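Any read-out appearing in this document is the output of simple, stated calculations on the displayed coordinates, not a laboratory observation. Given the structure is predicted, the values throughout are model-derived calculations rather than measurements. A quick note on method: Cβ atoms are made from the backbone with ideal geometry, for glycine too, and the neighbour counts reach across all protein chains shown.
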Amino acid sequence: MSEQRPYWNPQMEAWLTDKELLEIQNRKLQAMIKYTYLYSPLYKQILKDANVNPIDIRNVDDLKKVPLIDKSMLRKYRSETGDPFCGILCSPQEYIKLITVSTGTSGESNFHAWTSDDIKLKGEGWARGFWSIGVLPKMTTLLSGTAWHGIWPGINKAVKMLNLKSNWIAFDILSMKVQQWIKWISNLQPNFWFGIMDFTVLFFELMKQVGVEPKELNLPEDAIMSLTSAAVSEGTRKFMQEELNIKDIFEAYAMSDASFGFFECWQKEGCHIPEDLFYFEVTDPETGERLEAGERGEFTYTEFDRQATPLIRWMSDDMGHIHSEKCPCGRKHKLKCLGREDFMFHIQNKALFPYDVIDEIRSFPETRTAEFTIIKDVKIMEKFKIHVGIQNMRKAITEERRKELEIGIAEEIKKKTNIPAEILLCDIGELPLYLHKVIAVQDLTKEK
Ligand SMILES: [Zn+2]
């Protein structure tokens, strides 16, 4: 396999015309709707209730007639019938090769099943993404994350397809042996590191607590890193790249329910969507209407080709926007995820996310790794109210400097968003937590 090739699958990634892509999507969509109507009792029920006949869905525009499907509909079906797959298993049981479980961040977890063709399909998708950021066969690869997470079937398959030398580390918060990991990683010398954003930031923090700088991991200078499960801001990217002294960091938007990852190319203006494998929509979280390119809303996707538990108009709970102009890399559609739906808040007439102000909050040396909580005290606010936490705040800075920082951060935010901000600097331990994570948006309107 030539290592100069720019695409893993050039035909599908760059050579298709818009018309050819649309033909593929319409053909796959028709087949998928018929398939799920035939074999999934839940999808059949949903279509029947909405008076939609599968033959009425001829193209991606017709897909709007299919109701949006969210996790609670699946859970309801499971509690009524006892079916662990919530009425969406379409393949015979004996074809199932693997079962994964969703994270359950928005309630009870759901199970997802995979046939061997499904795993191959997801592997192909991840292989495209890895290849697009410069991961080459035989690279030493560090995969870090939690073992049960739904993204691993696809990643593990891609690792085999790309012939990577992989080493896997479970970043298990409950049994952190940070010294051991530091040794492992510096001995392994990976030139590709795939990590989960929160765990990687936490690992940075723990390294510092035991007096080790990230640079001391001695990663090769040509190493690349890919981070997933949170939007990577420009500031975070630059900071981590410098701290680790590596070549580059790319964001990947991963969806555990679909065992899939969308990758940024070197242009870094969003993660490319393989539209021959998915139909991707952005929908209004209130009305369910499909939104135009560029508008902020909920990612809702339909999987093509998946056999076991295919997802149709699946509301991901993730918010962001998509774009369809041609990218200099030759690919087209791309998305930027801004955060989960419960991270969204409104100020004046704008829908905002913590991502919108993260670089402004972290733009001072003392707040470089600060955590923060946006306080949402009314449905539509007039200004930002943000509690910014730093380690040992009272020892680390003087009262005077604290005031300077509060004013400075507010000024940076005003410059970027034209919205005033009220900043309160505090100790990191004073921020509200959910399990080990600082709550990004504290919604006081719900608690009232
Ligand atoms: Zn691109």
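Just want to confirm a number: the relative contact order over the chain, from Cα pairs under 8 angstrom separated by 6+ residues, in percent. Intermediate values should be presented prior to the final figure.
On the way: 851 pairs, mean separation 52.8, N = 448.
Result for the chain is 12 percent.
In a Gaussian network model over the chain where Cα atoms closer than 10 Å are linked, find which of Ile96, Ile55, Ile273 has the largest mean-square fluctuation.
Highest fluctuation among the options: Ile55.
What area, in nm² and to one decimal, does the C-alpha convex hull of the range 344-447 cast on average over all directions?
Computed as one quarter of the Cα hull surface, the answer is 6.3 nm².
How large is the convex hull of the Cα atoms of the range 1-341 per residue, expressed in Å³ as a whole number?
With only Cα atoms used, the range 1-341 gives 139 Å³ per residue.
For His333, His149, what's the fewest-to-most ordering of other Cβ within 10 Å of each Cβ?
With the sparsest Cβ surroundings first, the list reads His149, His333.
Which FRET efficiency value, to the nearest 0.05, is calculated for Asn418 and Gln45 with the Förster distance at 56 angstrom and r the Cβ-Cβ distance?
Taking R0 as 56 Å, the efficiency between Asn418 and Gln45 is 0.70.
For the range 1-55, compute Rh as the Kirkwood radius over C-alpha pairs and then the Stokes-Einstein diffusion coefficient at 25 °C and 0.890 mPa s; write the answer in µm²/s, rounded to an integer.
Rounded to a whole number, D works out at 179 µm²/s.
So how do Thr115, Thr36, Thr417 line up by other beta-carbon neighbours within 10 Å, fewest first?
Lowest to highest Cβ neighbour count: Thr417, Thr115, Thr36.
Quick one: among Ala258, Ala158, Ala14, which has the greatest mean-square fluctuation in a GNM of the chain with alpha-carbon springs under 10 angstrom?
Ala14
Which order do Val212, Val378 fall in if you start with the one that has the fewest other Cβ atoms within 10 Å?
Val378, Val212
Taking every DSSP beta bridge that has both residues in the range 344-447, what percent is antiparallel when rounded to the nearest 5?
So the antiparallel bridges amount to about 45 percent of the total.
So which residue, out of Asn156, Asn110, Asn187, gets the largest mean-square fluctuation from a GNM of the chain using Cα contacts under 10 Å as springs?
Result: Asn187 has the largest fluctuation of those listed.
Given a cut-off of 32 Å, name the pairs among Lys122/Lys414; Lys247/Lys446; Lys71/Lys446; Lys268/Lys385; Lys44/Lys97 whose C-alpha atoms lie farther apart than that in the structure shown.
Result: Lys122/Lys414; Lys247/Lys446 exceed 32 Å.
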